[in-house]
Structure formats: C-alpha cells, structure tokens
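All of the numbers you see were taken from the coordinates with simple rules; none came from a lab. Since this is a predicted model, take the numbers as computed values, not measurements. Here the Cβ positions follow ideal geometry from the backbone for every residue, glycine too, while neighbour counts run over all protein chains shown.
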Amino acid sequence: MTEPTAQSAATTTRRPSALTAVLLAVIAVGLLVAGGGLAVALGIGRTDTPAADSVDAGFSRDMSRHHLQAVEMANLALTNSSDEEVRRLAFDISATQTNQAGRMQGWLALWGLPATSGEVMGWMDDGAMTGHDMGGMGGMHGVDPAAAADGAVMPGMATETELAELRSLTGQPFDVLFLQLMTRHHQGGLEMAEYGEEHATQPAVATLARSIAQSQTAETTTMEQMLRARGGSPLPAP
C-alpha cells in the first residue's frame, strides 16, 4: 500500500475529524499488511500480549493520537507557510510522526486491542498523571479543564480554537503560531514518552518511546530558536 504523501494529507487538514479517521485507517491497515511481519521480527508478539490497560497499550493509543494532531498542524504548514525552513521542519515532523503513529496503531491491531479508549493517560498510574475521560471534564496534569473541553485532552495539544486560528493564517503570522503550538505540543508529549521508555515491557515500545523523547527534545530546541528569529516567543510550557 502506498503511504499517504504530505501533499495529499495537507488537503484534508481543514477537516480535523476526517483527517484523524482517514490517517488511523490508512496507517493501521498499512501496518497490518506491510509491517506486521516486521513488527514480529522486532520482537512484538514474542512475549505475552499486553493488556488493554498496560503501559505498552496505553502509550501506543495516546501517543499515536497526540502524534496525529502534530501531523495535522505540520501538513497545514505545507500549504499555509512560504518559509522554506518552516516547511522543511513541518515535512520532517509529518513524515516521522505518521510513521510512528502507524507503528503504534499496528501494534495495537496485532495485540487485538482497540485503537482508542474512553480514558487517556490512565496507564501513567504512579502519580505523574491521572486518568481523564475523553469528554475533557475531569482533572489531568498539564491540561486546563476549559482547554480539555475544547479538544486539548492531553498535555501540549492545541485546542480546536487554536487550530481554527492556525488554519486562518498565512505567511509569518502562521509561522509564528505554528512554531508556538508545535513547540508546546512537543513539550507536552515528552513526559509521556519518558514514562513509556521507563515502564513499557515490550522492547520495541520502549525503544520507540526513547526515540520520540530524544528527537522531540532536539526539535523543541530548534523550534524555539526559529521562533525567536521570526519575532515570536514560546508559549508557557504545559
């Protein structure tokens, strides 16, 4: 199966719910058809199948959802930005996080577990974060209840209001807001990645979590520099 290109994905970014549904379907099916054997070769499936409430499953569900919003924002940059440095960064984020989300959704399918859950971050049960329903009305570390009710159900995620503003902009105003939102998005996912690296029982999951933590830390530094060079400043960290 041919993976979705950045350009084709960009055409759907004005319909967030449709983007999420399409990407989830494409990457999950693609992983089953083309990547299932690879996943087994890397060790997935050789150990006990993770439970639905395990760190491995919870990380895979929540980080893939977190990634999909980053992909949505990155694909917007491919059409709304004229800054080549911003566009290159956005392309790298879109390609990398689409691939990673595909792996995580593929693992869930191989384990026979649902791709979504009614609770986010309940798998981080040592006090780092508390469970939070998808309706966004419960408390959770790093998420204001009002922001959660507006779609930001995990730390660092943009609200629907912020996404609507981002879609409406072009040029430098777009670049500044994009870098602000993506920097905060990366910061918000870091604690989840570090927790996954430390507590996952599947080696492939722990390895991916470590890779995400390392790469997004480096990209955060780069984006903060790019933001200041364009006259902006970072948003408060989640």
query = Which ³J(HN,Hα) values, rounded to whole Hz and listed in residue order, are derived for region 229-234 from phi using the Karplus coefficients 6.51, -1.76 and 1.60 in 6.51 cos²θ - 1.76 cosθ + 1.60 with θ = phi - 60°, glycine and proline given as x?
reply = 5, 9, x, x, 9, x
note = Put in order of increasing Cβ neighbours within 10 Å, starting from the fewest, Met124, Met192 give Met124, Met192
query = What nm value, rounded to one decimal, do you get for the distance between Gln225 and Glu165 when each label is placed 7 Å out toward the C-beta?
reply = 2.7 nm
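Quick one: what do you get for region 151-238 if you divide its Cα Rg by 2.2 N^0.38 Å? Present the calculation step by step, with values, prior to reporting the outcome.
Working: Rg = 14.5 Å, N = 88, 2.2 N^0.38 = 12.1 Å.
Normalised Cα radius of gyration, region 151-238: 1.20.
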